[in-house]
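In what follows, a single structure is set out as structure tokens and then discussed.
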2 protein chains.
Amino acid sequence: MSAIITAIGLDADDTLWQNEQFFAMTQDNFADLLRDHTDKGNLMERLLAAERRNLPHYGFGIKGFTLSMVETAIEVTDGNVPSDVIAQILDMGRDMLSHPIELLPQVEETLVSLSADFKLVLITKGDLLDQERKLAQSGLRDHFDGIEIVSDKTPPVYADIFERHGTGADQALMAGNSMASDVLPVLDAGGWAVHIPHALTWAYELATAPENRDRFTTLDKLGALPTYMEKLTGG
Amino acid sequence: MSAIITAIGLDADDTLWQNEQFFAMTQDNFADLLRDHTDKGNLMERLLAAERRNLPHYGFGIKGFTLSMVETAIEVTDGNVPSDVIAQILDMGRDMLSHPIELLPQVEETLVSLSADFKLVLITKGDLLDQERKLAQSGLRDHFDGIEIVSDKTPPVYADIFERHGTGADQALMAGNSMASDVLPVLDAGGWAVHIPHALTWAYELATAPENRDRFTTLDKLGALPTYMEKLTGG
């Protein structure tokens, strides 16, 4: 039986363009800055703990990440962090907010192909201005029927988005690199999901693949999505 | 001649609920923290300069404000700020992100009255999660046909919003406390604007009132808007 799908949601960071590599680079620099106080393993553990603790206040994005680095630096130095280290952390945060956009392979032609048959919606979380900046620099804006920058990717958020763009979540598919944000909540909302793993993924976004879910599959690259959609919809 | 208006945009911070008072309180505490290094006047000047400098990176909102306080603290102490002061600044930022909502007078009944005749859109800038939290806590969500949390309030942003909610900017009116964000750009987009001054307004939002603009007026409180709309639209 062919599925009826009218809308496709696409994640942005590490689905359309590189993102986690800039966090990884920054974390390396952060560990260098504090190497006299702690090793990288412990530092990353404390940083992730701070990020999780601060999520209800800060939400996702680089500004909150920067604030969590400042907090972690104070913590691991027992309150003895020199202020030039704090100043360097602020600089690192600002650098991240202006990093260049590197599109992943085959992104543009894939969007052109998909947009012939489906409403395309970009669905991303993070800092509003930063996500807008990256979209503008990517040159991909015109391929999308809708842009949704959300504070979190939950089942009700997906249900609302696919109600407004398309014909409801049960006739929508979401594709992205995060099992926790792009796959599980869409399935819970009654939709379809495609996981496209990326070599670098933030620990927070890791989750176990769903079992017995006939509306879920994994593809090794975004470029494989048009062929998969054809098969799925019998188009 | 009666105007045709189909949609009303309403600003949130200091139009529907108190906001600037929490910034003012935090700035007092910030000045207290650094009183051994500089007086409040100079500190506020340096802080505003940092906020303006960082706007292209951080955009609007409390997370960026917190980062700018940290930066200013390093600056005014010539790099000698103790890390417990930085920790207290982080705490102050987190406190702001969970301050209680205090509705301004007559807000609820005004929205009820306006929503009988117009599409209502809440249009606000700031941190995505924080603005969502405040809206949820305000209990006002159901009075609005649309919620638009934007990175900046510019003429194209208003044109796009009133295209989607209503019948274009020339048949839309925006009401809010900021001359720079709620009045001037809407007039530039061809719409109508009502300025409702608030006793406390961030220096960045101050601007000169428009001259020779027949689509602009000032009201002393939100509660006066329904009567004004009736007069304007001949309803």
**OP:** Using Cα centres only, tell me the gap between segment A:7-35 and segment B:44-85 in whole Å.
**Re:** 25 Å
Original post:
In peptide B:64-70, how many Cβ atoms from other protein chains are near each Cβ within 10 Å, on average?
Top reply: 4
Original post:
Between B:A207 and A:L103, what is the FRET efficiency for a Förster distance of 56 Å, r being their Cβ-Cβ separation, to the nearest 0.05?
Top reply: 0.90
**OP:** Could you check which residue among B:A207, B:A12, B:A172 shows the biggest mean-square fluctuation in a GNM of chain B with a 10 Å Cα cutoff?
**Re:** B:A207
Original post:
How would you classify the protein assembly as shown from its alpha-carbon gyration tensor, with a ≥ b ≥ c the square roots of the eigenvalues: rounded for a/c under 1.5, else prolate if a/b is greater than b/c, otherwise oblate?
Top reply: oblate
Original post:
By the gyration tensor of its Cα atoms, with a ≥ b ≥ c the square roots of the eigenvalues, what is the shape of segment B:101-175: rounded for a/c under 1.5, prolate for a/b over b/c, or oblate?
Top reply: oblate
**OP:** Give A:K125/B:K125; A:K63/B:K134; B:K63/B:K153; A:K63/B:K40; B:K40/B:K153; A:K134/B:K125 a once-over and call out the pairs whose C-alpha atoms are over 21 Å from each other.
**Re:** A:K63/B:K40; B:K40/B:K153
Subject >> On Cα atoms only, tilt of A:83-96 relative to the major axis of chain A in degrees >> reply: 20 degrees
Original post:
How big is the gap, in Å, between the Cα center of segment A:151-173 and the Cα center of segment A:111-147?
Top reply: 16 Å
Subject >> With Cα atoms, 0 to 90° folded angle of helix A:62-76 axis to chain A main axis >> reply: 30 degrees
Subject >> Total charge dipole magnitude, segment A:37-102, about the Cα centre, Cβ charges on Lys, Arg, Asp, Glu only, Debye to nearest 20 >> reply: 220 debye
**OP:** On a 0 to 90° scale, report how tilted helix A:155-164 is relative to the longest principal axis of chain A, with both axes built from alpha carbons and the result rounded to the nearest 10.
**Re:** 50 degrees
Subject >> Cβ neighbours within 10 Å from other chains - mean over A:127-135 >> reply: 6
Subject >> Rounded to whole Å, sorted largest first: equivalent-ellipsoid semi-axes of chain B, Cα gyration tensor >> reply: 36, 17, 15
**OP:** Please report the buried accessible area for the interface of A with B, total over both chains, probe 1.4 Å, in Å² to the nearest 100.
**Re:** 2500 Å²
**OP:** Before anything else, pin down the relative contact order of segment B:92-217: Cα pairs under 8 Å, at least 6 apart, normalised by residue count, whole percent.
**Re:** 17 percent
Original post:
If you place +1 on the Cβ of every Lys and Arg, -1 on the Cβ of every Asp and Glu, and leave all else neutral, what size is the dipole of the protein assembly as shown about its Cα centre, to the nearest 20 Debye?
Top reply: 620 debye
Subject >> Global form of segment B:1-83, assessed from the alpha-carbon gyration tensor, a/c cut-off 1.5 >> reply: prolate
Subject >> Förster radius 45 Å - calculated FRET efficiency between A:Q137 and A:D117 (Cβ-Cβ, nearest 0.05) >> reply: 0.95
Original post:
With every protein chain left in place, what is the accessible area per residue of the protein assembly as shown in square angstrom, probe 1.4 Å?
Top reply: 42 Å²
**OP:** Go through A:Q27, A:G59, A:P82 and say which Cα lies farthest out towards the positive end of the charge dipole of segment A:20-96; charges sit on Cβ, +1 for Lys and Arg, -1 for Asp and Glu.
**Re:** A:G59
**OP:** Could you work out the Kirkwood radius for segment B:158-209, taking every pair of different alpha carbons, averaging 1/r and inverting it, reported in Å?
**Re:** 11.2 Å
**OP:** Keeping the other protein chains in place, figure out the carbon and sulfur percent of the accessible area of segment B:20-96, with a 1.4 Å probe.
**Re:** 45 percent
Original post:
If you place +1 on the Cβ of every Lys and Arg, -1 on the Cβ of every Asp and Glu, and leave all else neutral, what size is the dipole of chain B about its Cα centre, to the nearest 20 Debye?
Top reply: 340 debye
Original post:
When only DSSP loop residues count, what GluC sites (Glu not before Pro) in segment A:34-115 have their Cβ near at most 11 other Cβ atoms within 10 Å?
Top reply: A:E102
Original post:
Between the DSSP loop rule and a limit of at most 15 other Cβ atoms within 10 Å, which trypsin sites (Lys or Arg not before Pro) in segment A:87-193 are left?
Top reply: none
Original post:
How high is the FRET efficiency between B:Y228 and A:T167 when r is their beta carbon distance and R₀ equals 60 Å, given to the nearest 0.05?
Top reply: 0.90
Original post:
When only C-alpha pairs under 8 Å and at least 6 residues apart count, what is the relative contact order of chain B, in percent?
Top reply: 26 percent
Original post:
Cα centroid distance between segment B:184-224 and segment A:188-235, in Å?
Top reply: 48 Å
**OP:** Please work out how much accessible surface A:T38 shows to a 1.4 Å probe, ignoring ligands, DNA and RNA, in Å² rounded to 10.
**Re:** 20 Å²
Subject >> Farthest toward positive dipole pole in the protein assembly as shown [+1 Lys/Arg, -1 Asp/Glu at C-beta], among A:V107, B:M69, B:S181 >> reply: A:V107
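The values are calculated or read from the model by the stated rules, or taken from the named source; none is laboratory data. Note that the structure is a prediction, hence the values are computed from the model and not measured. Quick reminder, even Gly has a Cβ in these numbers, built from the backbone with ideal geometry, and neighbours come from all protein chains shown. Surface areas here come from the heavy atoms of the whole protein model, side chains and all, with no ligands, DNA or RNA. Shrake-Rupley method; radii C 1.70, N 1.55, O 1.52, S 1.80 Å.
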